[in-house]
Amino acid sequence: MNKFSTFLLALLGLNVSTACSQQQYADADVQGFAVLVNDDVQLVDVRTPSEYADGHLEGAVNINVTGSSFAEKAKQQLSTLRPVAVYCRSGHRSMLAARTLSGEGFRVTNLKGGIQAWQKAGMPVTTSTTEVDVFRTPSGKTVRFYALVHASIRIVYDGKELQIDPVRQLGDRTIDYAAMPKADYLIVTHEHHDHFDKEALEILTGNHTRLVTNARCGEMLGRGEVMANGDSLRLADDILLEAVPAYNYTDGHTQFHPKGRDNGFVLTLDGLRIYIAGDTEDIPEMAQLSNIDIAFMPCNQPYTMTTEQLQRAARTVRPRVLFPYHYGQTDVTSLPAVLAADSIDVRIRHYE
């Protein structure tokens, strides 16, 4: 590493540690680490699950460095396309994790002093297990994506709350929407029970909430702003919503999501373009999408896509970041490695 690069790291409170000539990572103090956490990095708590449950940094995933197959689990859950920030209780275990991950080709920063130093500095921790991904719009505004369940996504942008297909319960997983702020915008793709939950919509509806649905959900609710494929709606000066097709074309599957009934959406927040595909296969209309930064694409046949279809869809849309969602029991862990050659950052979250 040259002297100029080392100088830049020092400005952020980072310094480079070297375990051997092939293994390099950076150390950061609390202030420097906080800068990284507020940027688009992969945050990893390498402590035990019980320690993680007692309190962790918001948005951190838990991969226990003392557990079996740490490196393999990390390669399944993390992308080498983005930096990784690691921490533990005091900084010792995360130092080992940093060495291991750097040896696997990750760019890694370790929190000096661990979560103990973080809390001593008055920095926040949480006990929530909801995964959070943070992005910046072109003008620098923050967008946070909360992975709730299956196809339910909470988006917080510039103080506004957006909820996509909110559902209170699927299987043994429940979402407490009463503990969340009222939504500024509720967006529903179609009427299936894993996307459309009347009670969840009622809980999230406040005095100024705007509800956007397809025609069928509008009929069932007796309210809402209805969009059809091809419609666009300006929700605010910096928020544009476009309805796009979402349907099945495979023989024997077309009854699940017939063409023209359901919506996918392209949501643009201050120039950040987000494709929420809804329930669909890799339909030809995807080729008309452009400049997609973030995509949520489903993966569970017979209802949506196979992993092979999802790969084709990703290579067609070419998002910068891809979240496979609505995947049920489908194994999507191979997708990050498969699509890395296409420079698509695949992030696996709990969207079963």
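Select, from V125, V143, the only residue that is in contact (Cβ under 8 Å) with a residue 40 or more places away in the chain, closer than 29 Å to R89 by Cα and in the same structural domain as H326 (by TED's automatic domain parsing). Before the answer, list the steps.
Numbers: V125 fails: in the same structural domain as H326 (by TED's automatic domain parsing).
Residue meeting the stated conditions: V143.
Pick out the one residue from Y247, Y351 that is more than 26 Å from E72 (Cβ to Cβ) and of a type in the set (F, W, Y).
Of the residues listed, the single one that is more than 26 Å from E72 (Cβ to Cβ) and of a type in the set (F, W, Y) is Y247.
Suppose we filter the stretch 45-61 for residues that are touching a residue at least 12 places away in the same chain (Cβ under 8 Å) and either surrounded by fewer than 16 Cβ atoms within 10 Å (Cβ to Cβ) or touching a His at 6+ places or on another chain (Cβ under 7 Å) (or both); how many remain?
Here the count works out to 5.
Has the stretch 284-294 got at least one residue that is touching a His at 6+ places or on another chain (Cβ under 8 Å), within 30 Å of V134 (Cβ to Cβ) and not basic (K, R)?
Here is the first cut: in the stretch 284-294, the residues touching a His at 6+ places or on another chain (Cβ under 8 Å) are none.
No, the conditions are met nowhere in the stretch 284-294.
Residues are listed down the side, and each one gets a yes or a no for (1) of a type outside the set (A, V, I, L, M); (2) buried (at least 18 other Cβ atoms within 10 Å of the Cβ):
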residue: A295; (1), (2): no, yes
residue: N300; (1), (2): yes, yes
residue: A314; (1), (2): no, yes
residue: F323; (1), (2): yes, yes
residue: Q329; (1), (2): yes, no
residue: R347; (1), (2): yes, yes
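Mind checking which pairs have a first residue in the stretch 245-273 that is at positive phi and a second that is part of a loop (DSSP other than H, G, I, E, B) and of a type in the set (V, I, T), Cβ under 8 Å, 6 or more apart or different chains?
D270/T137; G271/T137
One line per residue, one yes/no per condition, for (1) small (G, A, S); (2) surrounded by 17 or more Cβ atoms within 10 Å (Cβ to Cβ); (3) more than 22 Å from E352 (Cβ to Cβ); (4) in contact with a Ser or Thr (Cβ under 9 Å, 6 or more places away or on another chain):
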residue	(1), (2), (3), (4)
A183	yes, yes, yes, yes
S232	yes, no, yes, no
D237	no, no, yes, no
T254	no, no, yes, no
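Please find, among D194, D172, D158, the residue that is among the charged types (D, E, K, R), out of contact with any helix residue (DSSP H, G or I) (no Cβ under 7 Å at 6 or more places or on another chain) and under 24 Å from M286 (Cα atoms). It would help to see each step written out before you state the result.
Details: D172 fails: under 24 Å from M286 (Cα atoms); D158 fails: under 24 Å from M286 (Cα atoms).
So the residue among D194, D172, D158 that is among the charged types (D, E, K, R), out of contact with any helix residue (DSSP H, G or I) (no Cβ under 7 Å at 6 or more places or on another chain) and under 24 Å from M286 (Cα atoms) is D194.
What helices (runs of 4 or more DSSP H) lie completely within the stretch 30-130 and have 3 or more residues being under 17 Å from the mean Cα position of the chain (by Cα) and within 22 Å of T333 (Cα to Cα)? Before you say what the answer is, go through the steps one by one.
Working: elements: 30-37, 49-54, 70-77, 92-103, 114-120.
The qualifying helices (runs of 4 or more DSSP H) are 70-77.
Return only the number of the condition from (1) among the basic types (K, R); (2) over 21 Å from I164 (Cα atoms); (3) in contact with a Ser or Thr (Cβ under 8 Å, 6 or more places away or on another chain) that R347 does not satisfy.
R347 satisfies all of (1) among the basic types (K, R); (2) over 21 Å from I164 (Cα atoms); (3) in contact with a Ser or Thr (Cβ under 8 Å, 6 or more places away or on another chain) except (2).
Here are A85, A74: which of them is surrounded by 22 or more Cβ atoms within 10 Å (Cβ to Cβ), small (G, A, S), farther than 15 Å from V30 by Cα and not assigned by TED's automatic domain parsing to the domain that holds F196? Spell out how you get there, then give the answer.
Working: A85 fails: farther than 15 Å from V30 by Cα.
Of the residues listed, the single one that is surrounded by 22 or more Cβ atoms within 10 Å (Cβ to Cβ), small (G, A, S), farther than 15 Å from V30 by Cα and not assigned by TED's automatic domain parsing to the domain that holds F196 is A74.
I'd like the residue in the stretch 124-173 that is of a type in the set (K, R) and in contact with a Lys or Arg (Cβ under 9 Å, 6 or more places away or on another chain) and, out of all such residues, is surrounded by the most Cβ atoms within 10 Å (Cβ to Cβ).
Quick first cut of the stretch 124-173, residues of a type in the set (K, R) only: 136, 141, 144, 154, 160, 168, 173.
Right, trim to in contact with a Lys or Arg (Cβ under 9 Å, 6 or more places away or on another chain) and you get 144, 154.
On the way: R144: 14, R154: 22.
The extreme case among them is R154.
Determine the pairs where a residue that is in contact (Cβ under 8 Å) with a residue 40 or more places away in the chain and in the same structural domain as L186 (by TED's automatic domain parsing), located within the stretch 198-220, has a partner that is in a strand (DSSP E or B) and of a type in the set (G, A, S) with Cβ atoms under 8 Å apart, the partner being 6 or more residues away or on another chain.
Taking only residues 6 or more apart or on different chains, the pairs are L204/A183; N214/A243.
Take the stretch 333-344 and flag every residue that is surrounded by fewer than 21 Cβ atoms within 10 Å (Cβ to Cβ) and within 16 Å of the chain's Cα centre (by Cα).
T333 - this is the single residue of the stretch 333-344 that is surrounded by fewer than 21 Cβ atoms within 10 Å (Cβ to Cβ) and within 16 Å of the chain's Cα centre (by Cα).
From (1) closer than 23 Å to D165 by Cα; (2) assigned to a helix (DSSP H, G or I); (3) among the aliphatic types (A, V, I, L, M), pick out the condition that doesn't hold for I274.
The number of the failed condition is (2).
Condition first: over 19 Å from P324 (Cα atoms) and either assigned to a strand (DSSP E or B) or hydrophobic (A, V, I, L, M, F, W, C) (or both). Now tell me which residues in the stretch 135-153 satisfy that. Reasoning before the result, please.
Restricting attention to the stretch 135-153, the residues satisfying the condition of being over 19 Å from P324 (Cα atoms) are 136-142.
Listed by number, the residues that qualify are R136, T142.
The values are calculated or read from the model by the stated rules, or taken from the named source; none is laboratory data. Model, not experiment: these values are computed from the prediction. For neighbour counting, all protein chains shown are included, and Cβ atoms are generated from backbone atoms with ideal geometry for every residue, glycine included.
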